[in-house]
Amino acid sequence: MTKRIETNISFCAFLRGVNVKGTNMKMAEACQVFEQAGMKKVSSVLASGNILFSSAKNKDELKKLLEKVMSAHFDYEAFLFIKDKNEVETLVSKSPFAADAGFHIYGFAGVDGAEKILMAEFEKSGKAIGEEAQITGNNFYWKVPKGNTLESEFGKILGRRSLKGTFTSRNLNTFEKVLRKM
């Protein structure tokens with residue numbers, strides 16, 4: 001009889017809507033919930049819902065389990081999007097936009113096909129001067145003038161309830177910080 005060797009993979013769960021619009025949680029408490037659900041090497045990056053962990057489970061199992069335990073513990077409808085280290089590295093390294101002091105650059109983590117949904121919505125929206133979006137691989141990127149993120153037409157679309165289970169966004173700097181800690 002052969003013994004099964006479990007291999008843990010490093011992941012980051014990107015939670016949607018944490019510490020905005022009344023959904024407040026301490027990252028230390030969120031990490032405890034992940035640990036109680038069986039995750040290993042749990043830590044957080046910033047206070048915006050970026051939880052690092054390792055597990056032998058696959059991403060679909062993890063998403064279902066962690067959304068359930070987070071929803072129950074914090075009494076809200078949790079949406080989280082899980083990326084492994086290679087996916088975060090790709091998201092950071094394949095950004096089509098160069099850093100620019102006058103702009104924010106956002107990357108998105110979401111369900112399969114989210115990038116197409118986002119691009120369709122972006123193309124329909126009005127744009128600020130210099131505002132752009134591109135898809136590279138399966139990743140959607142958005143470049144928006146600083147100060148216009150929430151006021152832009154596309155920024156308002158991103159907040160629609162109908163899209164909350166589809167994706168979450170982070171400034172590219174946040175993805176870089178997550179990658180350094182993975």
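Every number here is computed from the coordinates shown, using simple stated rules; none is lab data. Fair warning: this is a prediction, and the values are worked out from it, not measured in the lab. Cβ: placed from backbone, ideal geometry, glycine included. Neighbour counts: every protein chain shown.
Here are some notes:
- In summary, the lysines within cross-link reach of Lys83, defined as a Cα separation below 19 angstrom excluding same-chain residues under 8 places away, comprise Lys40, Lys41, Lys57, Lys59, Lys63, Lys64, Lys68, Lys94, Lys116, Lys164, Lys177, Lys181.
- Label-point gap, in nm, between Ser162 and Leu150 - each point 7 angstrom along Cα→Cβ: 2.4
- Across the range 135-175, the residues whose backbone nitrogen lies under 18 Å from the label position 7 Å along the beta-carbon direction of Glu123 are 135-143, 154-155, 157-158.
- Pairs of alpha carbons in the range 9-87 whose separation is greater than 22 Å (percent): 12
- Local net charge near Thr90, Cβ-Cβ under 11 Å (Lys/Arg +1, Asp/Glu -1): 0
- Compactness check for the range 88-181: Cα Rg over 2.2 N^0.38 Å is 1.00.
- Gaussian network model of the chain, springs between alpha carbon atoms under 10 Å - residue of Gly107, Gly17, Gly126 with greatest fluctuation: Gly126
- Summed over qualifying helices (DSSP H, 4 residues or more, each -39500 (n - 2.57)) and divided by its residue number, the chain shows a 222 nm mean residue ellipticity of -10000 deg cm²/dmol.
- Distance from the range 66-80 to the range 112-180 (C-alpha centre basis), Å: 24
- The range 114-154 shape via C-alpha gyration tensor axes, a/c threshold 1.5: prolate
- In the range 1-133, the alpha-carbon atoms span a convex hull of 150 Å³ per residue.
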